[in-house]
């Protein structure tokens, strides 16, 4: 259980001192973005996006990771908003869960969001290419809302702000918005962020329920076997063992081994 040990008095909190993973991610994303500009000036347009962006028709496993470090060079707001959220919220998340776990959350969240996008695009548009850190950032957003649910996002508490944002993304995904934004990837990243923190307890509850059900079924089966054994013994008493069929004899033999 994580607890918010510091509740700032300001309505919005900027995350405090920079942390190692967030710093590294900001630098890498910024450097790759500059590299995309330079590559477009000497190579055919969008060469890096076609090689390292996430694509169904030319899928390579590394694209699940590399795609999240590429951003649209035609839309500065794409990288600005992603990095702004990472900078504002990622530092507190990293400090709380530590750097290694934070990187797993970020990278795995981005990869899972990519898989969700691929599952939908296989039906809608197999030729599409996805780039951007939005899926990974949505994992961080959900993590922040879970760890600091009462922190303020301007007029809203973090939990309500993020819930509202996810509802919007789900609606856009279901409606099949054609705004060029991979809303399904956002939902996938958010879902991973939730399961990253809440999945283990949910799985443990489910596993415990399945174990209890299995034990109940085993007890019921044992009672049924014992009842049949008793019935066969009642049959043997007046008429002897020869009164049983071969199948009944085999059943008694198997039951005797079971109850030894």
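The numbers here are math on the coordinates, done by the rules we state, and not lab data. In this text the structure is predicted, and so the values were computed from the model without any measurement. Heads up, the Cβs are rebuilt from the backbone with ideal geometry, glycines too, and the neighbour counts pull from every protein chain shown.
Helix 99-124 sits at what angle to the longest principal axis of the chain, using alpha carbons and giving 0 to 90 degrees rounded to 10? Once rounded, the angle reads 80 degrees. Build a GNM of the chain with springs between Cα atoms under 10 Å apart, and of 151, 213, 98 the one that fluctuates most is 213. Under the criterion of Cα pairs below 8 Å and six or more residues apart, the relative contact order for the chain equals 20 percent. Taking other Cβ atoms within 10 Å as a rough exposure proxy, 139, 67, 113, 173 sort from fewest to most as 173, 67, 139, 113.
Note on residue 38 and residue 225: the model spin-label points, each 7 Å out from Cα along the C-beta direction, lie 7.2 nm apart. Helix 246-258: angle to the longest alpha-carbon principal axis of the chain, degrees 0 to 90, nearest 10? For helix 246-258, the angle is close to 60 degrees.
Comparing 188, 114, 30 in a Gaussian network model of the chain (Cα springs below 10 Å), the most mobile by mean-square fluctuation is 30. When 172, 18 are sorted by how many other C-beta atoms sit within 10 angstrom of their C-beta, beginning with the fewest, the order is 18, 172.
Going by C-beta contacts inside 10 Å, put 170, 142, 22 in order with the fewest on the left.
170, 22, 142
Normalising the Debye intensity of the chain to I(0), with uniform scatterers on Cα atoms only, and taking log10 at q = 0.08 Å⁻¹ returns -0.47.
When the chain is treated as a Gaussian network with alpha carbon springs shorter than 10 Å, the biggest mean-square fluctuation among 20, 45, 238 belongs to 238.
For the chain, adding -39500 (n - 2.57) for each run of n ≥ 4 DSSP H residues and dividing by the number of residues yields -24500 deg cm²/dmol at 222 nm. Between the helical axis of 76-97 and the longest alpha-carbon principal axis of the chain there is an angle of about 50 degrees. Counted residue by residue at 0.36 nm each, then reduced by the alpha carbon distance between them, the extension gain from residue 181 to residue 252 reaches 18.9 nm.
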